[in-house]
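Just below is one structure, and these are the notes that go with it.
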Amino acid sequence: MRNSDLSRTALAAFAPVVWGSTYVVTTELLPVGHPLFAGLLRALPAGLIALALTRTLPRGSWWAKAAVLGVLNIGLFFPFLFIAAERLPGGVAATLGAAQPLVVALLAVGVLRENPSAWRLAWGVIGMLGVGLVVLGPAAGFDLVGVLAGLGGAATMALGVTLTKKWGRPAGASPTAFAGWQLTAGGLFLVPVTFLFEGPPPAIGLTALLGYLWLGGVGGLLAYVLWFRAITTLPVTSVSMLGLLSPMVAAVLGVAVLGQTLDPVQLTGFALALAAIVASQRPAPVLAKGVLQ
């Protein structure tokens, strides 16, 4: 991997690492029972700030494209994510979300016309298995609506990521402007959804304000600028595998902040997921390209 690609990959990894803090921030700092409102504040203010900073609006067909990407990557993904989180144990929801790289690998063949890659698919399966070993516990249960929401979230964001790669970033639009379009579109989509399902917003104290600022400023604006920039400049299947960092960081924060522990099985899963992330950033071995690629 070239130094420039390595730098872009490291910056892209920042996004899922930050997103891994969402569970701890939500449970420890935010009002209970308003996950969609948290998603709304994570997206819309960040998008409007990006638009104000860049003063760049979509042109022509990009009005529709930005709306589609914003709804897929944010507007639909957040509700699916929170429904799965509410109806399933966290480990089950995280494992279903870890299916996203597999969906991206398949969509890359159909949408981006890439050659099928057994190498990517194999590491995607190993990564999902690793995440499952880390986060699944004996209390894991399955609710049909929750499972469908978890798979829907993985499929929705996978399609959004793939279309982001297919359409690219238009000339004249900076990464900040590009992220701002999508955050704003996704946030506007969430406004009626949030008030329909959750009603009026909760009271916001200082602790909650700090949590929302973290989710919106660092987990929203900064993370999505780096994430969308990476998708347009790096192989989409490699970038999608970085998403496995989120449940792993959440597990580490559970140990560091909430006093949880990791047993040998979980540590094994951690190692498998890390191996999958690292291996997926590299091309298939030269000697096995005819088989693996």
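The values are calculated or read from the model by the stated rules, or taken from the named source; none is laboratory data. Everything numeric in this text was worked out from a predicted model, so none of it was measured. For neighbour counting, all protein chains shown are included, and Cβ atoms are generated from backbone atoms with ideal geometry for every residue, glycine included. The accessibility values were calculated without ligands, DNA or RNA, using every heavy atom of the protein model including side chains. Shrake-Rupley method; radii C 1.70, N 1.55, O 1.52, S 1.80 Å.
Here segment 164-181 is scanned for amide nitrogen atoms under 19 Å from the site 7 Å beyond the Cα of Val193 along Cα-to-Cβ, giving 164, 179-181. For the chain, which span is the longest to avoid every loop-located (per DSSP) member of trypsin sites (Lys or Arg not before Pro) having at most 13 other Cβ atoms inside 10 Å? Result for the longest clean stretch: 114-293.
In the context of the full set of protein chains, the chain has a per residue accessible area of 46 Å² (1.4 Å probe). Once neighbouring chains are kept in place and the probe is 1.4 Å, which whole percent of the accessible area of the chain is contributed by carbon and sulfur? Carbon and sulfur together cover 71 percent of it. The residues neighbouring Leu190, those whose beta-carbon lies less than 12 Å from its own, together hold a net charge of 0 under the Lys/Arg +1, Asp/Glu -1 convention. The relative contact order of segment 3-281 comes to 40 percent, based on Cα pairs under 8 Å that sit 6 or more residues apart. The chymotrypsin sites (Phe, Trp or Tyr not before Pro) found in segment 105-198 that occupy coil by DSSP, while having at most 14 further C-beta atoms within 10 Å, are Phe142. What's the FRET efficiency of Leu213 with Val32 using the Cβ-Cβ distance as r and R₀ = 22 Å, to the nearest 0.05? After rounding to 0.05, the efficiency reads 0.70. With the chain treated as a Gaussian network of Cα nodes joined by springs under 10 Å, which of Ala256, Ala208, Ala84 yields the largest mean-square fluctuation? The residue with the greatest mean-square fluctuation here is Ala256. Taking label points 7 Å from Cα along the Cα-to-Cβ direction, Ala10 and Leu267 give a separation of 2.8 nm.
Taking a point 7 Å out from the Cα of Thr232 in the direction of its Cβ, the residues of segment 150-178 whose backbone N falls within less than 15 Å of it are 161-178.
Count Lys and Arg as plus one, Asp and Glu as minus one, and take only other residues whose Cβ is under 14 Å from that of Gly254; the net charge is then -2.
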